[in-house]
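What follows is a short report on a single structure.
The values are calculated or read from the model by the stated rules, or taken from the named source; none is laboratory data. Just so it is clear, the structure is predicted and the values come from calculations on it, not from any experiment. Please note: Cβ atoms are built from the backbone with ideal geometry, for glycine as well, and neighbour counts cover all protein chains shown. To get the accessible areas, we keep the full protein, side chains included, count just its heavy atoms, and leave off ligands, DNA and RNA. Shrake-Rupley method; radii C 1.70, N 1.55, O 1.52, S 1.80 Å.
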Amino acid sequence: MWRDNLRGIFNIALKDIKTYYLKPPAVSWGIVFPITWILAFYLRHPGDFKELVPGMIGLTILFSTTAAEAVVLNFELRLGTLERLLLAPIGVAAVLLGKVLGGVIFGLLMTTIITTLSVIVLGLHPNIFYLILIILSSLFVFSSLGAFLCVIVKEVFEAQTLLNLPRFLMIFLSGVVYPVSKMPLVLRYFSYLLPLTYTIDGLRRSFSTDLNKMVLLDFIILIIFFILSVLPAIKLLSRKFE
Amino acid sequence: MDKEVVIQVSGLTKCYGEIVAVDHINFEVNKGEVFGFLGPNGAGKTTTIRMLTGLSKPTEGDALILGLSIKTKITEIKKHIGVVPEISNLYDELSALDNLIFMAQLYGVPKGLARKRAQELLKAFRLFERKDSLFRTFSRGMKRALTIAAALVHDPEILFLDEPTVGLDVVAARSLRNLIANLRHQGKTIFLTTHYLEEADLLCDRVAILVKGRILAIDKPLNLKAKTDKKSLEEAFMKITGLEPEILAIEKGK
């Protein structure tokens with residue numbers, strides 16, 4: 001049973017990358033948008049570009065994973081292809097996790113490009129272990145968040161609209177360009193409710209020379225966000241087939 | 001010799017709130033037969049198929065497929081059944097060959113064997129020339145044929161076909177009926193829903209007539225015609241379902 005499900009997750013993820021992700025809109029949304037956003041901010045507030053690298057990587061993770069994730073489930077429900085997947089000997093959870101993994105793999109590809117280029121061009125020396133830990137956990141968080149927001153609505157466009165709210169809140173309140181520590185107290189507390197805050201914090205610490213173990217706390221919190229997104233998403237998707 | 005029962009349905013019921021879509025139905029399907037599930041739109045045919053194939057949970061009752069309960073062993077059952085839904089639901093952005101390979105891999109067919117089987121099926125369904133074309137470029141008949149091929153790619157013992165010829169032109173429908181007849185000759189058990197009674201008469205060994213979620217009759221088409229003293233299955237169906245007076249009234253109104 002678990003072997004059937006694992007095989008299903010893997011095949012669905014690969015199929016999704018081929019059919020949805022490796023397409024110009026997903027690539028531009030996942031990679032061009034974060035770079036443009038950060039460059040626009042840099043041109044307005046020139047300074048040390050290295051300070052903006054964690055934000056750029058964080059935005060790449062956020063936008064690349066959710067580029068198609070927030071629509072594929074509803075899109076497939078509407079076309080009937082999701083039912084086709086469920087006719088195979090795999091569970092609803094495997095189908096959803098396959099979709100999440102598709103977003104994660106695509107996001108990893110985009111994030112690896114951005115991170116590698118940043119490290120080489122700017123001569124950065126991150127702690128690779130912590131960097132991978134934060135990037136991977138964040139990819140799972142935002143891909144499953146996209147899936148969750150997708151299954152709570154009925155229409156494809158509703159999912160995109162719904163996802164834009166947390167996306168833009170996180171851009172402004174998670175320390176992407178403006179440090180959380182300098183925000184008013186109320187906004188600071190609010191930022192602690194947003195997963196991107198922990199992604200950015202973890203990435204900053206991974207690039208920082210005075211590394212501390214707080215990065216592991218970021219990792220644990222991101223894992224909790226992943227569980228809080230993926231379990232309700234599985235539950236809600238299962239309900240559609242009762 | 002006793003016939004081997006491969007589908008055994010007992011008291012299967014599906015309710016959506018107050019609405020009873022399928023109402024305590026009982027029937028059996030024997031190995032190697034083409035079993036027709038007939039009824040007007042909204043009779044509960046698709047709901048029954050959805051329950052038997054694991055897409056929907058029964059409210060009451062159970063069904064054994066190859067001796068396994070749909071309530072507890074649906075994942076195991078899925079390995080032995082192929083399903084062709086009413087809508088041809090393969091991936092538009094994948095080629096015919098890639099669609100079949102992907103489906104085979106979901107069923108655990110190793111990649112090399114999956115490719116071989118996919119190619120064999122494309123040849124059998126006369127789609128091999130278009131193996132690299134995207135699904136979305138296919139005609140409705142070709143889409144239907146490829147959807148059936150996808151349901152066969154893991155070599156299932158039982159095939160569920162939900163309205164297989166709906167929306168097809170005469171040539172495509174005829175070609176598809178020939179395909180179904182061939183599958184039967186290969187020893188596959190076929191569970192077919194249709195509201196084309198002529199098609200059921202041609203293809204089915206036995207049929208069940210379903211109206212408002214209840215089975216009104218199960219028999220061979222020939223026997224149903226004899227019992228109702230009608231020449232065609234369509235006329236027999238009208239009599240059994242009680243729709244005959246309505247049709248006569250419409251005809252008189254002309």
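Sorted largest first, the principal axis extents computed over the alpha-carbon atoms of region B:1-65 equal 44, 23, 18 Å. Overall, the anisotropy analysis places chain A in the prolate class: the square-rooted eigenvalues a ≥ b ≥ c of its C-alpha gyration tensor yield a/c not less than 1.5, with a/b exceeding b/c. Counting only DSSP H runs of at least 4 residues, each contributing -39500 (n - 2.57), and dividing by the residue count of chain A, the helix-based mean residue ellipticity at 222 nm comes to -25500 deg cm²/dmol. Taking all protein chains together, A:H45, B:H185 sort by accessible area into B:H185, A:H45, largest first [probe 1.4 Å]. Dimensions of region A:145-242 from C-alpha coordinates, computed as largest minus smallest value along each principal axis and given longest first, are 52, 24, 22 Å. Determine the relative contact order of chain B: mean sequence separation of Cα pairs under 8 Å and six or more apart, normalised by residue count, in whole percent. Relative contact order, chain B: 24 percent. Once the Kirkwood radius over Cα pairs is known for region A:1-56, the Stokes-Einstein relation at 10 °C and 1.306 mPa s delivers a diffusion coefficient of 113 µm²/s. Once the Cα atoms are used to define both axes, helix B:140-152 deviates from the longest principal axis of chain B by about 80 degrees. Modelled spin labels at B:C15 and A:F157, positioned 7 Å past Cα toward Cβ, are 3.8 nm from each other. Pairs spanning more than 27 Å between alpha-carbon atoms, out of A:K154/B:K14; A:K18/B:K143; A:K99/B:K45; B:K45/B:K71; A:K240/B:K220; B:K116/B:K188: A:K99/B:K45; A:K240/B:K220. Residues with beta-carbon under 10 Å from that of B:V6, excluding B:V6: net charge, scoring Lys, Arg +1 and Asp, Glu -1? Every neighbour counted, the sum reads -2. Surface calculation, 1.4 Å probe, protein heavy atoms: B:S88 sits at approximately 30 Å² accessible.
Computed over region A:38-150, the P(r) tail beyond 22 angstrom holds 43 percent of alpha carbon pairs. Calculate how steeply helix B:170-185 sits against the longest principal axis of the alpha-carbon atoms of chain B, using the helix alpha-carbon long axis, and give the answer as 0 to 90 degrees to the nearest 10. With rounding to tens, the tilt is 80 degrees. Scanning chain A for DSSP H helices at least 18 Å long along the axis (C-alpha atoms) with a Kyte-Doolittle mean no lower than 0.5 picks out A:53-79, A:92-122, A:128-151, A:156-173, A:214-239. Here the scattering of the protein assembly as shown is modelled by Debye summation over its C-alpha atoms, one equal scatterer each and no solvent; at q = 0.05, 0.07, 0.10 Å⁻¹ the log10 of I(q)/I(0) is -0.26, -0.48, -0.82. Our note on the geometry: Cα centres of region A:166-242 and region A:77-147, 16 Å apart.
Dividing the mean sequence gap of close Cα pairs (under 8 Å, 6+ apart) by how many residues region A:101-220 holds gives a relative contact order of 30 percent. Taking only the alpha carbons of chain B, we obtain Rg and Dmax values of 18.7, 63 Å in that order. For region B:176-246, count the residues as N, evaluate 2.2 N^0.38 Å, and divide the Cα radius of gyration by that value, please. Output field value: 1.14. Mind checking which aspartates and glutamates have their Cα closer than 17 Å to the Cα of A:K182? Skip sequence neighbours fewer than 8 apart in that chain. Partners within reach: A:E51, A:D201. Once a ≥ b ≥ c are taken as the square roots of the eigenvalues of the Cα gyration tensor of region A:73-136, is the result rounded (a/c under 1.5), prolate (a/b larger than b/c) or oblate (a/b not larger than b/c)? Prolate, because a/c is 1.5 or more and a/b exceeds b/c. On the principal axes of its alpha-carbon atoms, region B:84-224 has extents of 46, 29, 27 Å, going from largest to smallest.
Compute the acute angle (0 to 90°) between the alpha-carbon long axis of helix B:244-253 and the principal axis of greatest extent of the alpha-carbon atoms of chain B; round to the nearest 10°. Rounded to the nearest ten degrees, it is 80. Positive end of the dipole of the protein assembly as shown (Cβ unit charges, origin at the Cα centre): among B:S95, B:L179, A:I234, the Cα lying farthest that way belongs to B:S95.
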